[in-house]
Every structure is written in C-alpha cells, then in structure tokens.
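Heads up: the structure comes next, in structure tokens.
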Amino acid sequence: MLYNEKIGELTQDNLVANVHVKQIVQSISIPSGTLKRGTVVDASGKIMNTGLTAYGILCDDVDASAGAVVAEIYVAGAFNKKALIVASGYTLSANDIKALRDGGIFVEN
C-alpha cells in the first residue's frame, strides 16, 4: 500500500457557492465542442446562448470535439454567477437564472 501516492489534484475554482445546498447530478449527452467545468448548458447539451433554455452546469471539463460524449451536469445546487461560463458574447439573462432556479439551481453573486 502506498501512503504517499498522488491520486488527484483539486484546484479551487469557486464554482460551488454553498456546500449546504444539496447538489444533484445527472448524465447528459454533449453533442460537440470542448467545454469547461462551470459551463451552462441546455437540455440537449449545447452551451448556453440566445434562444436556448438554461438546464444545468457541467461538473467537469468535456472534450466532445471528436463526437458526442456523455458528461455529468449539476441540476441542483448553489453556484457562483461569476464562475459560470456561457457562449462568447452572451450574458446570462434574468430568464436564464429563473430557468435554472426553477430546476433547482441557485445562482448567487
């Protein structure tokens, strides 16, 4: 047994805003692209942009550049607004934040 073996590493990213709010995770298919942890996606796994409805937040970095992959998303919990990622040139709207809230995700400043 190795007691000094390095298994992983944690980098503080301030995505989670409140550990006392239960986080719920589910699987989703990400159709394409390279997305970072904290990316807001719609129910079809596309990065949040105009015309989409916010659904969840990616738990980990995802590389779907070679085709669709299954990834985990948060569908409930409390998250920092400044740590959330959306499409370039897009800003989360009040309707996006309401859609997340209605699903169980609390967006905090």
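Could you tell me what percent of the accessible area of the chain is made up of carbon and sulfur, with a 1.4 Å probe and every protein chain present?
On the way: 3560 of 6970 Å².
Roughly 51 percent of what the probe reaches on the chain is carbon or sulfur.
Can you give the accessible area per residue of the chain, in Å², using a 1.4 Å probe?
Details: 6970 Å² over 109 residues.
In whole numbers, the chain has 64 Å² accessible per residue.
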Treating only Lys and Arg (+1) and Asp and Glu (-1) as charged, each at its beta carbon, one finds that the chain has a dipole about its Cα centre, in Debye to the nearest 20, of 280 debye
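Report the local net charge at Thr34: Lys and Arg +1, Asp and Glu -1, summed over other residues whose C-beta lies under 14 Å from its C-beta. Before the final figure, lay out the partial values.
Details: positive: Lys36, Arg37, Lys46; negative: Asp60, Asp61, Asp63.
Value of the local net charge: 0.
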Dipole of the chain [Lys/Arg +1, Asp/Glu -1 at C-beta], most positive-end residue of Val107, Val16, Ala66:
Val107
Return the long-range amide H neighbours of Thr39 (sequence gap of 5 or more, or a different chain), with a cut-off of under 5 Å between placed amide H atoms.
Leu58, Ile85
What does the extension gain come out to for Glu108 and Ser27, with contour length at 0.36 nm per residue minus their alpha carbon separation?
26.8 nm
Run the reach check for Lys98 against lysines, Cα to Cα strictly under 24 Å, same-chain hits fewer than 8 apart removed. What comes back?
Lys22, Lys36, Lys46, Lys81, Lys82
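The values are calculated or read from the model by the stated rules, or taken from the named source; none is laboratory data. None of the values given here were measured: they were computed from a predicted structure. We place every Cβ from the backbone using ideal geometry, glycine too, and count neighbours over all the protein chains shown. Only protein heavy atoms, including side chains, enter the accessible area calculation; ligands, DNA and RNA are left aside. Shrake-Rupley method; radii C 1.70, N 1.55, O 1.52, S 1.80 Å.
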